[in-house]
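Asker: Right, I'll just put the structure down here and ask away after.
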Amino acid sequence: MTVTPEAVDRATAPDVDVVVVGAGLSGLTAARRLHQLGLRVAVFEASSRVGGRVSSATVAGVHVDLGGTFVGPGQDRIIALADEVGVRRFPTHSAGQNVIRWRGQHRRYRGTVPPMGANLLDVGRIQLALDRLARTVPRGNPAAAPRAAELDADSLGSWLRRSHASTTARDLIAIASRTTWGCEPDEVSLLHALHYIHQAGGLSSMLDTEGGAQEEHFIEGSHEIALRIAADLGDAVRRNAPVQRIETTDDGVLVSAGDERVAARAVVVAVPPALRSRIAFSPALPPVNAQMSQRWPAGVLSKAYAVYETPFWRERDLSGQGLSDTGPAFITFDASPPGKGGSGVLLGFVGGVYAREWDGLPAEERRVRVLSSFADLFGPRALDATGYIDQRWGAESWVAGGPTAAPGPGVVVPYAGALAAPVGRVVWAGTESADRWTGFMDGAVRAGERAALRARDFVPSSSPDHARTGASA
Amino acid sequence: MTTWRRQYTHLTTASPKAVWKRWTTPEDWAVDDPDLRVAEFAVPARVGATGRVINHGTPAQTFTFTELQPGVAMNFRIRLPGAVLSFPHHMRETPNGLSVTHGVEISGPLAVVLGPLVGRKIAAGLPAVVRLVTTNALRDARSDSLGS
């Protein structure tokens, strides 16, 4: 290990107590909690905006969430944080019938279970088996599950085939896989899928609207939570400041972003696992950390919103929730603003195999195809949108995909431990490192809160700086 | 006579000319249809002409073009014991884009049996084929404009 005298000096008298790398929800939560503990923080964000995988836009006068959107029961950390900063919630619209386009035919149904005839029995059998198996995977420590290596060697897709799942059951699980991990079932480790399902409280909790993770939206939008936290932190948040290097010394760290170098007692790295390897660490991270970063890729899930003069589907007793086996928008929600008499908004997800093709299309073709999908589900009026926007998370260089990571078979047992375990004064955050609701906004907040407490331990309680309340360096 | 029928339609910004080229170029068929290994027919295609298709894992089958309206419609049929399998293709310009439809129809005495057995699998692949046809038509148009 080579440490310059300058680095030692600066680390001995740190500029701040803790540096946070990444101003997504997780990093901002960590910074906020540290600030609330009276510590001085500096936050470096590589892109020009804060929020990471939460973002927003205004389309035809209507606010839409381009990234993380929904919250539900059990996601108490993101809800508490939103309450703290005054961002309110409203129920996702679910009144009326849902619609499914399946095998070339349209059907309406109520509740969460689509009409699949005799196939429904098999869908139930597979869901039960997945939920039962998921409960054997300890939260936060999937490698400790019974037969962990065996489960990890399987993909979700190969397990479905081995379980003799019907084509319908496989296709429905594929929809869940695209929505949840942004990938096809063959691309994700079965152990990871099971761990994720267990952390989210089961498949129903993960996928349902009423009583599930899609139950509510934020009135001001999820991005507003990040914006308000960043505003509170003021100059402590540096945008357009990608961190290139983190040096660890005996009693501190030195974080370099462009021309700026900041000394601190600890650093919280709150970027997606695959992006950790973009930072040069000195001394180098243990091999398992570097290898994990290479093997923990983000999925591909894009979102598309169409705005209409009215939520016309409600006139026909439709909820706006739809499923399709054709794509590109394979699952839809009514994302209209709360209250009656306003605009209607349909949200469609394009993920996995659909996104790989659709993401590369010209903007106008993407719009036409999504509206065509919406019309397929809700009739020709869906073509008459007054506004449209889409967000391709795979095209975001400082996010590199979404909604979360999708590690492939054989990766979880050897590398999951590197997601959250600190390496000296380097403390990890980000939703992938959460021990509950990983992949969700709630997981991001939980991981940020955990990382803040770990980082605080590196700040000497005798430090005269400890009692300060100023956020900025 | 019983007819079993499924179709898939989507809108695209691709031009009718580019889509028509994909429909009538034998080399493009296997590129646009993941289930197809080989397609052979004489160009330009004409009504009454025959060709040959080989799907992955199945024997070669002879087909006959039954409709060719440039920029509008194309159809061909394969005779099976007790049924005729047809593949109607249509396109129509609309204010919202070019509407492209691929379908599968099974008619004849055994249609009621072959529909669920054979037609359903073919129908399940139609959305992917329409997406690939239109995506590749867009790509062809971009290549042509870059080369011109």
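Since every read-out is calculated from the coordinates, none of them should be taken as a lab result. This structure is a prediction, so every number in the text was calculated from the model and none was measured. Here Cβ is always computed from backbone atoms with ideal geometry, including for glycine, and neighbour counts include all displayed protein chains.
Asker: Take the alpha-carbon positions of region A:117-207, form their convex hull, and give its projected area averaged over all directions (one quarter of the hull surface) in nm². The partial results should precede the final answer.
Answerer: Working: hull surface 20.8 nm².
So the mean shadow area of the Cα hull is 5.2 nm².
Asker: Let me ask another. Going from the alpha-carbon gyration tensor of region A:289-367, what semi-axes, largest first and in whole Å, does one get by taking the root of 5 times each eigenvalue? Mind dumping the intermediate values first?
Answerer: On the way: eigenvalues 194, 42, 28 Å².
Three semi-axes, in Å: 31, 15, 12.
Asker: If we count other beta carbons within 10 Å of each Cβ, what is the order of A:Thr404, A:Thr58, fewest first?
Answerer: A:Thr58, A:Thr404
Asker: What is the helix-to-structure angle for B:120-147, meaning the angle in degrees between its Cα long axis and the longest Cα principal axis of chain B, kept from 0 to 90 and rounded to the nearest 10?
Answerer: On a 0 to 90 degree scale, this one is about 20.
Asker: Another question, if that's okay. Within 10 Å of each Cβ in B:61-72, how many Cβ atoms from other chains are there, averaged over the peptide?
Answerer: 0
Asker: Between A:Phe90 and A:Thr310, what is 0.36 nm times their sequence separation minus the Cα-Cα distance? Round to one decimal in nm.
Answerer: Additional length available on full extension: 77.4 nm.
Asker: Turning to a different aspect of this structure: Within region B:27-65, name every residue whose backbone N is under 17 Å away from a label modeled 7 Å from Cα of B:Lys121 along the Cβ vector.
Answerer: B:33-38, B:53-62
Asker: Now a separate question. For region A:210-268, count the residues as N, evaluate 2.2 N^0.38 Å, and divide the Cα radius of gyration by that value, please.
Answerer: Dividing the Cα Rg of region A:210-268 by 2.2 N^0.38 Å gives 1.67.
Asker: Apply 1/(1 + (r/R0)^6) to the Cβ-Cβ distance of B:Leu36 and A:Val288, taking R0 = 35 Å, and write down the FRET efficiency to the nearest 0.05.
Answerer: 0.15
Asker: Still on this structure, please answer the following. So what's the angle, to the nearest 10 degrees on a 0 to 90 scale, between helix A:167-181 and the longest Cα principal axis of chain A?
Answerer: The angle comes out at about 30 degrees.
Asker: On to the next question. What does the net charge come to around B:Ala141 if you take all other residues with beta carbon closer than 10 Å to its beta carbon, with K and R at +1 and D and E at -1? It would help to have the intermediate numbers written out before the result.
Answerer: Details: positive: B:Lys17, B:Lys21, B:Arg139, B:Arg142; negative: B:Asp140, B:Asp144.
Surrounding charge for B:Ala141 is +2.
Asker: Additional query: When each pair of different Cα atoms in region B:3-143 is counted once in the 1/r mean, what is the Kirkwood radius in angstroms, to one decimal?
Answerer: About 15.3 Å for region B:3-143.
Asker: Say each of A:Arg239 and A:Asn141 gets a label point 7 Å from the Cα, pointing the same way as Cα to Cβ; how far apart are those two points in nm?
Answerer: 4.2 nm
Asker: Direction-averaged shadow area of the convex hull around the Cα atoms of chain A, nm²?
Answerer: Convex hull of Cα atoms, orientation-averaged projection: 21.3 nm².
Asker: So what's the angle, to the nearest 10 degrees on a 0 to 90 scale, between helix A:76-85 and the longest Cα principal axis of chain A?
Answerer: 70 degrees
Asker: If I take every Cα pair under 8 Å that is 6 or more residues apart in chain A, average their sequence separation and divide by the length, what percent do I get for the relative contact order?
Answerer: Reported relative contact order: 27 percent.
Asker: Neighbour counts of other C-beta atoms within 10 Å: give me A:Thr386, B:Thr13 arranged from fewest to most.
Answerer: A:Thr386, B:Thr13
Asker: Compute the signed sum of charges (Lys and Arg +1, Asp and Glu -1) over the other residues within less than 14 Å, Cβ to Cβ, of B:Thr50.
Answerer: Net of charged neighbours comes to +3.
Asker: Less than 12 Å Cβ to Cβ from A:Glu45, Lys/Arg counted +1 and Asp/Glu -1: what total charge do the surrounding residues give?
Answerer: The answer is +3.
Asker: Can I ask one more? Most exposed first by the Cβ proxy, i.e. fewest other Cβ within 10 Å, how do B:Met91, A:Met441 rank?
Answerer: B:Met91, A:Met441
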